[in-house]
1. Which ones in the range 38-81 are free of Cβ contacts under 8 Å to residues at least 24 places away in the same chain, over 16 Å from Val95 (Cβ atoms) and exposed (fewer than 11 other Cβ atoms within 10 Å of the Cβ)?
2. Regarding Phe47, is this residue modelled with pLDDT under 95 and in a strand (DSSP E or B)?
3. Looking only at the range 21-31, decide whether some residue is under 20 Å from Val98 (Cα atoms), small (Gly, Ala, Ser) and in contact with a Lys or Arg (Cβ under 9 Å, 6 or more places away or on another chain).
4. Answer yes or no: is there a residue in the range 59-66 that is more than 11 Å from the chain's Cα centre (by Cα) and among the hydrophobic types (A, V, I, L, M, F, W, C).
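The values are calculated or read from the model by the stated rules, or taken from the named source; none is laboratory data. Being a predicted model, the structure only gives us computed values, none of them experimental. Cβ atoms come from the backbone with ideal geometry, glycine included; neighbour counts cover every protein chain shown.
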Amino acid sequence: MRAPQCGHRPDLRRDVVWHEPDRVVRGREAHAERAAELRAQTPDWVFRPDGPVSVNDDLGHLGFQYGPAGQPPVATGMDIAHCKDGVIIELYTVVSEVRQPS
């Protein structure tokens, strides 16, 4: 059995590609800017893991919940990371459900 190639907290490669449902973001700096943009749109919301991280060779998966702190999530989905040498080279965000905020 091979050791996993995609750890729990891998680094982002400089030329990482992030696939979101409505856009593709290229590069580590653009990735950080997009993440900051998401946090700024809903500053009182938090990301929470939804289950454990799972790894299979060079792929990692983490389900997530996103919504106001202390309230039920508004959005749920998963991030799937394709890694090389323990570094994320591609990240796919899949949103599976969006509810109206309470």
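1. The answer is Ala40, Pro43, Pro52, Gly70.
2. Criteria met by Phe47.
3. Within the range 21-31, not a single residue is under 20 Å from Val98 (Cα atoms), small (Gly, Ala, Ser) and in contact with a Lys or Arg (Cβ under 9 Å, 6 or more places away or on another chain).
4. The answer is yes; a qualifying residue exists.
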